[in-house]
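Peer 1: The structure follows.
The values are calculated or read from the model by the stated rules, or taken from the named source; none is laboratory data. From a predicted model like this one, the values you see are computed outputs, not experimental measurements. Quick reminder, even Gly has a Cβ in these numbers, built from the backbone with ideal geometry, and neighbours come from all protein chains shown. The protein model used for the area step is the full one, side chains on, heavy atoms only, and it has no ligands, DNA or RNA in it. Shrake-Rupley method; radii C 1.70, N 1.55, O 1.52, S 1.80 Å.
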Amino acid sequence: MEKVYSSLSEIQKDIYNNQTTCVSLVNDYLKRIEDNQHLNAFLEVFKEEALQKAKIIDEKIANKTAGKLAGMVIGLKDNICYQNHKISAASKILENFESLFSATVVERLIAEDAIIIGRLNCDEFAMGSSNENSAYGNVLNPIDNTRVPGGSSGGSAVAVKANLCLVALGSDTGGSIRQPASFCDLVGLKPTYGRVSRHGLIAYASSFDQIGPFSNNIEDAAIVMEVMAGGDEYDSTCSNREVPKYSEKLATPQKLKITYFKNYIENDGLDAEIKAKFYETIDFLKDAGHEVVATEFPYLDYLVPTYYVLTTAEASSNLARYDGIHFGYRSPQAFDLESTYLKSRSEGFGDEVKRRIMLGTYVLSAGYYDAYYGKGQKVRRVLKEKTDEILNQYDFVLMPTSPGTPFKIGEQVDDPIKMYLEDIYTVQANLVGLPAISLPLGQHSNGLPFGIQVMGKSFDEEGLLAFSKYLMDNN
Ligand code: GLN
């Protein structure tokens, strides 16, 4: 009978005891993908290839030469390059474009014998919080099909939740891993900026973007991070700091110093049950002997505006390359250079992407640069200094991941400002470059899940993962 696995350790136990094989595992995933097509999580399934790969890895397992991810089946958000495979960033403008090389993270995962099973739907160019901005249709939340899975890495979250792969990679510019993890009851980690190479990630806002994992548990996130992280000559913003063996460093932490920002919790926008669960978690930590102190972060109201000024500016520049000439789609109506740019971009990009390109172009334009982009950068510095000052005194900051539980499909599409406020608790980690994780700790009386978020010190993924495991084990 088909067995559904939710961790690599369970899988490897059965593989190495000859209870199952990679081929049989991949067949099970393929069957579930087939049965769950209505969720629209996958844009493409690499069926034959995954099976072939599985066969090779089964031989390596028999020879005892398999890598440490043998048995792990992974899905890729459709903005992470995999050589000779299509990649579209869920945009029409990249329809039928194929990657010429693989992202560094993909190479590293494959080198440890992970099997890549397909590419996953997302918001176009990773812009959105609900996966409703994909050119290839909505993704449905497997917990309630009338609701969004979150975004922008919606397909990645859904694929893991519905057991269509064990782990998925997403990218997080302002919450795109953590918020869908919260909406789909999963672990979702955004690493420190520079911990994981961005080489081969289609850029949205380069100074914010990081790749990270979705998983059912901390152990799987830890081992994937251990394989993916570390210096890369193809990404000069990627740090050469040594990568700890995260998966071996998950022991219960000693007495910790934790803070939370009272003004984030005593906020009208936050759901009452999420707030109650948050305080329950705080009480647990206090009772367990940790020092928990309420502080304030005075700049909450500046986070979302600063994020949208700076990310749209970077996006307008990063997306200039999709011109109807270099990549993907070209308008059949184009007849000269200008009409090629104009028509290809008008027809190829969706509304949200166009809105952000226009906003970004505006904040960078000669007359407004100082007032918006220059100001935004200065505010970013203030946010960073204030956050660092707090994390010099505390090990972790605890906060909600998202102000509410998954909303209905279509409910917020006409209100971009409301949609942008979805990001209120997640953008801080990207603005200041710190690692943050969403943990599936909450269950609302409406039947939907929600996450609690932990933000850690720079490059302390090790501590963050160990603390996360502790919180999950004691939930
Ligand atoms: N929801 C945020 C946005 O729309 C975050 C996106 C992301 O992290 N890629 O920009």
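Peer 1: Near Lys354, which aspartates and glutamates are there with a Cα under 18 Å away, not counting those fewer than 8 places off in the same chain?
Peer 2: Partners within reach: Glu95, Asp123, Glu124, Glu132, Glu314, Asp323, Glu338, Asp414, Asp415.
Peer 1: So, one more: Which stretch or stretches of the stretch 89-108 have amide N atoms under 17 Å from the point lying 7 Å from Thr361's Cα along the Cα→Cβ direction?
Peer 2: In the stretch 89-108, the label zone of Thr361 (backbone N under 17 Å from the point 7 Å along Cα→Cβ) covers 93.
Peer 1: On to the next question. Which percent of the accessible area of the chain is formed by carbon and sulfur heavy atoms (probe 1.4 angstrom)?
Peer 2: Exposed carbon and sulfur together represent 49 percent of the surface.
Peer 1: Same structure, new question: What are the radius of gyration and Dmax of the stretch 262-396, computed over its Cα atoms and given in Å?
Peer 2: Values for the stretch 262-396 (Cα only, Rg and Dmax): 22.0, 71 Å.
Peer 1: Based solely on its DSSP helices, what 222 nm [θ] is calculated for the chain when runs of n ≥ 4 H residues each add -39,500 (n - 2.57) and the sum is averaged over all residues, nearest 500 deg cm²/dmol?
Peer 2: -11500 deg cm²/dmol
Peer 1: Hey, what did the stretch 64-191 get for relative contact order, percent, Cα under 8 Å, at least 6 apart?
Peer 2: 24 percent
Peer 1: Let me ask you something else. Round to the nearest 0.05 the FRET efficiency obtained for Lys86 and Asp370 when R0 = 41 Å and r is the Cβ-Cβ distance.
Peer 2: 0.50
Peer 1: So, one more: So for the chain, averaging the separation of alpha carbon pairs under 8 Å that are six or more residues apart and normalising by length, what relative contact order in percent results?
Peer 2: In percent, rounded to a whole number, it is 17.
Peer 1: Pull up the cross-link candidates among the lysines for Lys375, meaning alpha carbon to alpha carbon under 22 Å and not fewer than 8 places away within one chain.
Peer 2: Reachable lysines: Lys384, Lys386.
Peer 1: For the stretch 100-171, what class follows from the C-alpha gyration tensor (a ≥ b ≥ c being the square roots of its eigenvalues): rounded when a/c is under 1.5, otherwise prolate if a/b is larger than b/c, else oblate?
Peer 2: Oblate shape, in that a/c is at least 1.5 and b/c is the bigger or equal ratio.
Peer 1: If you count only protein heavy atoms and use a 1.4 Å probe, how large is the accessible surface of Met358, to the nearest 10 Å²?
Peer 2: Probe radius 1.4 Å; accessible area of Met358 about 130 Å².
Peer 1: Between Glu2 and Ser24, 0.36 nm times their residue separation minus their Cα-Cα distance comes to what?
Peer 2: Length gained, Glu2 through Ser24: 7.0 nm.
Peer 1: Right, here's the next one. Separation between the Asn63 and Tyr299 pseudo-spin-labels, each 7 Å from Cα along Cα→Cβ, expressed in nm?
Peer 2: 5.5 nm
Peer 1: Please compute the length gained on full extension between Phe101 and Ile390, using 0.36 nm multiplied by the number of residues separating them and subtracting their Cα-Cα distance.
Peer 2: Taking Phe101 through Ile390 to full extension adds about 100.0 nm, to one decimal.
Peer 1: Restricting to the chain, what percent of DSSP beta bridges are antiparallel, rounded to 5?
Peer 2: Counting only bridges with both partners in the chain, antiparallel ones make up about 65 percent.
Peer 1: Bin by bin, in steps of 20 Å, what percent of the Cα pairs in the chain do you find, going until the bin that has the longest distance?
Peer 2: Cα pair-distance distribution for the chain, in percent: 26, 59, 15, 0.
Peer 1: Take the alpha carbon gyration tensor of the stretch 80-232, find the square roots of its eigenvalues, order them as a ≥ b ≥ c, and report rounded if a/c is under 1.5; if not, report prolate when a/b exceeds b/c, else oblate.
Peer 2: rounded
Peer 1: While we're looking at this one, here's another question. Could you grab the relative contact order for the stretch 307-346? Cα pairs under 8 Å, six or more apart, rounded to a whole percent.
Peer 2: 33 percent
Peer 1: Still on this structure: Decide, for the stretch 364-424, between rounded, prolate and oblate: order the square roots of the alpha carbon gyration tensor eigenvalues as a ≥ b ≥ c, take rounded if a/c falls under 1.5, and otherwise choose prolate if a/b is larger than b/c, else oblate.
Peer 2: oblate
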